[in-house]
Amino acid sequence: MAKPRILVVDDEVNARTGLKSLLEEEGFEVEEAADGEEGLKRLSSFAPAVVLTDVRMPNMDGLTLLRKAREAGSDAVFVVMTAFGSVEMAVDAMRAGAENYLLKPLDLKAVLVVIEKALEKRDLTRDTAALRARVRDRFSFPNIIGESAELQAVFEVVKQAAPTKATVLILGESGTGKELVAQALHEESPRKDKPFIKVNCAALSESLLESELFGHEKGSFTGAVGRREGRFELADGGTLFLDEVGEISASLQIKLLRVLQTREFERVGGTQTVKVDVRLVAATNRDLAAEVKAGRFREDLYYRLNVVAVTLPSLRQRKSDIPALVSHFIHKFAGAYGKDVKGLAPGTLNALLGHSWPGNVRELENAIERGVVLCKTNELGADDLPPSIRGPRPKDVPAGSLIPGATLAEIEREAILRTLEMVSGSTTRAAELLGISVRKIQYRLKEYGTGAGAPAADSDDELTPEPH
Ligand SMILES: Nc1ncnc2c1ncn2[C@@H]1O[C@H](COP(=O)(O)OP(=O)(O)OP(=O)(O)O)[C@@H](O)[C@H]1O
Ligand SMILES: [Mg+2]
């Protein structure tokens, strides 16, 4: 594969050449330019995938370069590099269409994460085939189940961001696994033996949350009998997870912004400045970009939190993960309740695929827990599911018979669902047994999940065969 091309634009010659040689060591092809004007010329001759540009430069500044590049039809992904303390400029650049920003002095790891992210973004928009190929090298986390391309793409970002100190913002509907991802970011980091501290920002009033986060000095308010360390201090050396970050008040947003910029703060009622080394992970099920637009969330704080974004797909967007999740939960709850439930009865997977799962994985987990409790045999059946999920009773097809009069698509569907039920939901195992690709099974499960009845005759053509 060709090396990804990166253009470095900076008027400081040492900064520029230093970055160039570091990036070359990492396997990128790099060219440099001393200002926006030169950058613009290089842009057309070199056609980089990513442009890392300084903002303030003689002749032509970084923002003008970005604007002119777009006018000229370049789709290079822009990342601006700006000095500590001029985040406003970074915000302007993001508004103008930059993908991300980096603070100077640069941290090589942060640079690499941002470049990877930029390249991935480009892949997503330009070259889904290449992404698919990369996704084939599966990532896995011990507690997070997901073989779908959607979740694999999430895992890839998580694996890359975990070892760094970059702040991560996790977005997604309720029950999609945001907390699991936050934990994985900690467990896969060099901080894993230090504390992982969670704060639910929605659960506390503004003043309580403030003293919870930053701690307080003795006598700072009625009831503050002694000095108390806040969560930021408790998380020193480790990771602080701010859950439901979309809920924090305007005045706390300002305070949080300051800590993010300086990593220092004062306890409530105190004057002494406390310095901490904390990796921040935040999550929300709100559309934070929309909250910013509506003026309810500070834009500068949003960009500070959103250094690396991880968006968890809803379960209905990745129904091909349902079989493996179900198997995982059956195993978990059979163990917990001491029951001998081994798998699904015929037809049950069909019902599970047909449901839209507004509560996502949490709803599925609860449904399986209930099912395991109610189940009277060693196979969980549709009758053990909550009534809202059961759906219409499936046609009773005798196992093992090829139904005369059924269409090939119906027979295929039956074969795929029955096989999955037999192999504990593993799409990989089912694919081996059926002699078809994992992608094809995942694709079909998606179809069944949307209730698409008509067989997509030529759908194979869009699918890349699995390498073996
Ligand atoms: N991919 C997954 N594999 C296994 N279990 C999962 C997965 N995703 C979610 N779960 C389980 O589903 C439940 C909900 O997940 P989690 O608490 O992480 O969701 P959340 O996105 O934080 O939801 P909320 O916004 O409501 O807080 C948990 O019990 C979690 O263990
Ligand atoms: Mg949560």
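Does the stretch 5-126 come out rounded, prolate or oblate, given a ≥ b ≥ c as the square roots of the eigenvalues of its C-alpha gyration tensor, rounded meaning a/c under 1.5 and, failing that, prolate meaning a/b above b/c?
rounded
Tally up the carbon and sulfur contribution to the accessible surface of the chain as a whole percent, 1.4 Å probe, everything protein left in place.
Its accessible area is 52 percent carbon and sulfur atoms.
Could you list the residues of the stretch 258-299 with an amide nitrogen less than 19 Å from a label point located 7 Å from the Cα of THR222 in the Cα-to-C-beta direction?
Backbone N within reach: 269.
Using Cα pairs closer than 8 Å and at least 6 residues apart in sequence, work out the relative contact order for the chain, in percent.
Once normalised by length, the contact order is 11 percent.
As a test, work out the antiparallel percent of DSSP beta bridges whose residues both lie in the chain, rounded to the nearest 5.
Close to 15 percent.
Only loop residues by DSSP count here, and only those with at most 11 other Cβ atoms within 10 Å; note down the chymotrypsin sites (Phe, Trp or Tyr not before Pro) in the stretch 1-99 that meet that.
Sparse-neighbourhood loop chymotrypsin sites (Phe, Trp or Tyr not before Pro): PHE84.
Quick one: go through the stretch 5-30 and flag any residue whose amide nitrogen is under 11 Å from the point 7 Å out along the Cα-to-Cβ line of SER86.
Residues 11 fall inside that zone.
Give the distance, in whole Å, between the Cα centre of the stretch 54-94 and the Cα centre of the stretch 149-183.
Cα centres, the stretch 54-94 to the stretch 149-183: 28 Å.
With unit charges on the beta carbon (Lys/Arg positive, Asp/Glu negative), name the residue among GLY354, LEU106, GLY338 whose Cα is farthest towards the positive pole of the charge dipole of the chain.
Sorting the options by dipole projection puts first GLY338.
Using θ = phi - 60° and the Karplus relation 6.51 cos²θ - 1.76 cosθ + 1.60, list the HN-Hα couplings for the stretch 415-431 in order, rounded to whole Hz, with x at every Gly or Pro.
Along the stretch 415-431, the couplings run 5, 5, 5, 5, 5, 4, 4, 6, 9, 6, x, 6, 5, 5, 5, 4, 5 Hz.
I need the shape label for the stretch 60-124. Rule: rounded when a/c is under 1.5, else prolate if a/b > b/c, else oblate, with a, b, c from the alpha carbon gyration tensor.
oblate
Compute the angle between helix 13-25 and the longest alpha-carbon principal axis of the chain, please, reported from 0 to 90 degrees and rounded to the nearest 10.
Tilt relative to the chain: about 20 degrees.
What does a probe at LYS159 reach in the stretch 306-330, counting residues whose amide N is under 19 Å from the point 7 Å along Cα→Cβ?
308-313, 321
Stretched out fully, how many nm does the piece from GLU187 to LEU408 gain, at 0.36 nm a residue minus the Cα gap?
Here the answer is 74.9 nm.
Quick one: which residues, 5 or more positions from ILE170 or on another chain, have an amide H under 5 Å from its amide H? H modelled 1.01 Å from N in the peptide plane, none for Pro or chain starts.
Hits under the 5 Å cutoff: ALA282, ALA283, THR284, VAL310.
Which entries in the list LYS68/LYS159; LYS20/LYS104; LYS68/LYS165; LYS178/LYS339; LYS198/LYS218; LYS165/LYS218 go over 27 Å, if you measure between the two C-alpha atoms of each?
Violating the 27 Å Cα-Cα cut-off are LYS68/LYS159; LYS68/LYS165; LYS178/LYS339; LYS165/LYS218.
For the stretch 1-91, which GluC sites (Glu not before Pro) are in a loop by DSSP, counting at most 16 other Cβ atoms within 10 Å?
GLU12, GLU26
Please give the contour-minus-distance gain from LYS275 to ALA289: 0.36 nm per residue of separation, less the Cα-Cα distance, rounded to one decimal in nm.
Working it through step by step, the gained length comes to 2.1 nm.
Provide the net charge surrounding LYS275, with neighbours chosen by a C-beta distance below 12 Å and charges set as Lys +1, Arg +1, Asp -1, Glu -1.
-4
By the gyration tensor of its Cα atoms, with a ≥ b ≥ c the square roots of the eigenvalues, what is the shape of the chain: rounded for a/c under 1.5, prolate for a/b over b/c, or oblate?
It is oblate, given that a/c is not under 1.5 and a/b is not larger than b/c.
Measure nothing but the geometry: give the 0 to 90° angle between the long axis through the Cα atoms of 178-187 and the longest principal axis through the Cα atoms of the chain, rounded to 10°.
60
Just how large is the dipole of the stretch 63-125 about the Cα centre, in debye to the nearest 20, putting +1 at every Lys and Arg Cβ and -1 at every Asp and Glu Cβ?
The dipole magnitude comes to about 100 debye.
Below 8 Å between Cα atoms, with a sequence gap of 6+, how large is the relative contact order for the stretch 154-313 in percent?
Once divided by the residue count of the stretch 154-313, the mean separation gives 35 percent.
The values are calculated or read from the model by the stated rules, or taken from the named source; none is laboratory data. These numbers come from a predicted model, not from an experiment. Note that each Cβ is placed from the backbone with ideal geometry, even for glycine, and that neighbours are counted across all protein chains shown. Remember, those area values only see protein heavy atoms, side chains included, never the ligands or the DNA or RNA. Shrake-Rupley method; radii C 1.70, N 1.55, O 1.52, S 1.80 Å.
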